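Novice: Structure provided below as structure tokens; questions to follow.
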Amino acid sequence: MGKQISNIFQNISKIFIKLFILFVMFGLMLIDWMIVHTAPRNILYSYSFVIFVCLTSFGLTIFSKIRKICYIIFFLSLITYICMYNLVPDIKEQHLIDGCMDLGNVWDYNEHRCRTDCWKWDNKLGCLKE
């Protein structure tokens, strides 16, 4: 009886740990999706699909019958997500823009760089220094 209760407690704790990890992953990937939501639609749709597959496959690892397949799909989609994050120019640029603006700087869309000498960017006039 004691071993059964111990096994049940271990299974429940594993499920709660996985749900917590899933919740954290969902939050981080949602923030990441919000950063790149202005990317071109075809890239955004494929990026969203990879995030969805990654989260769904990790969530399905709770079920023991399909656990191995779900872990394989999860790791493949996670590798794809990391590759897209680092190698797709539009996604990488969106992250650079977000990082620049988080620091309180201005993104120069003509030169594609972060400007610290501007206080505002205007599409017609460019860098406004005063």
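Novice: Counting pairs of alpha carbon atoms under 8 Å apart in space and at least six apart in sequence, what relative contact order in percent does the chain give?
Specialist: After rounding, I find 16 percent.
Novice: Further question on the same structure: Name the residue from I43, L30, G104 whose Cα lies farthest towards the positive end of the charge dipole of the chain, charges +1 on Cβ of Lys and Arg and -1 on Cβ of Asp and Glu.
Specialist: L30
Novice: What do you get for the angle between helix 67-87 and the principal long axis of the chain? Use alpha-carbon atoms, 0 to 90 degrees, nearest ten.
Specialist: Approximately 10 degrees, to the nearest ten.
Novice: What value, in deg cm²/dmol to 500, does the helix sum -39500 (n - 2.57) over DSSP H runs of n ≥ 4 give at 222 nm once divided by the residues of the chain? All intermediate terms of the calculation are to be shown ahead of the outcome.
Specialist: Values: 4 runs with 88 residues, N = 130.
Helices in the chain give a 222 nm mean residue ellipticity of -23500 deg cm²/dmol.
Novice: Given Cα positions, please report Rg to Rh for region 1-72, the hydrodynamic radius being the Kirkwood one.
Specialist: The Rg/Rh ratio comes out at 1.16.
Novice: Follow-up question, since we're still on this one. Counting only the heavy atoms of the protein chains, how much of C114 is accessible to a 1.4 Å probe, in Å² to the nearest 10?
Specialist: Taking all protein chains as shown, C114 has close to 50 Å².
Novice: Please flag any cysteine in the chain that has no other cysteine's Cβ under 4.7 angstrom from its own Cβ.
Specialist: C54, C70, C83, each lacking another Cys Cβ under 4.7 Å.
Novice: Amide H neighbours of R115 under 5 Å, at least 5 residues apart or on other chains, H built in the peptide plane: list them.
Specialist: Those qualifying (amide H under 5 Å, at least 5 residues apart or on another chain) are V106, W107, D108.
Novice: For Q94, what charge total do you get from the other residues with a beta carbon under 14 Å from its beta carbon, if Lys and Arg give +1 and Asp and Glu give -1?
Specialist: Combined, the nearby Lys, Arg, Asp and Glu give -3.
Novice: Using a 1.4 angstrom probe, figure out how much accessible area the chain has per residue, in square angstrom, rounded to the nearest whole.
Specialist: Computed with neighbouring chains in place, this is 72 Å² per residue.
Novice: Going from most exposed to least, what order do K18, K65 have by accessible area with a 1.4 Å probe?
Specialist: K65, K18
Novice: Looking at the calculated P(r) for the chain, what percent of the C-alpha pair distances fall above 27 Å?
Specialist: The answer is 41 percent, as a whole percent.
Novice: Sticking with this one: On a 0 to 90° scale, report how tilted helix 2-35 is relative to the longest principal axis of the chain, with both axes built from alpha carbons and the result rounded to the nearest 10.
Specialist: Between helix and principal axis, roughly 10 degrees.
Novice: Where the accessible area of the chain is counted over protein heavy atoms with a 1.4 Å probe, how much of it, in %, is carbon and sulfur?
Specialist: Whole-percent figure for carbon plus sulfur exposure: 69.
Novice: Just how much of Y81 is accessible, in Å², when a 1.4 Å probe is used and the result is rounded to the nearest 10?
Specialist: My reading of the accessible area for Y81 is about 30 Å².
Novice: Run the dipole for the chain about the Cα centre, Lys and Arg Cβ at +1, Asp and Glu Cβ at -1, nothing else charged, and hand back the magnitude in debye, nearest 20.
Specialist: Rounded to the nearest 20 debye, it is 920 debye.
The values are calculated or read from the model by the stated rules, or taken from the named source; none is laboratory data. It should be emphasised that the depicted structure is a prediction, and the values quoted were computed from it without experimental measurement. Neighbour counts are summed over all protein chains in view; Cβ atoms, including those assigned to glycine, are modelled from backbone coordinates with ideal geometry. Note: accessible area is taken over every heavy atom of the protein model, side chains too, but ligands, DNA and RNA are not part of it. Shrake-Rupley method; radii C 1.70, N 1.55, O 1.52, S 1.80 Å.
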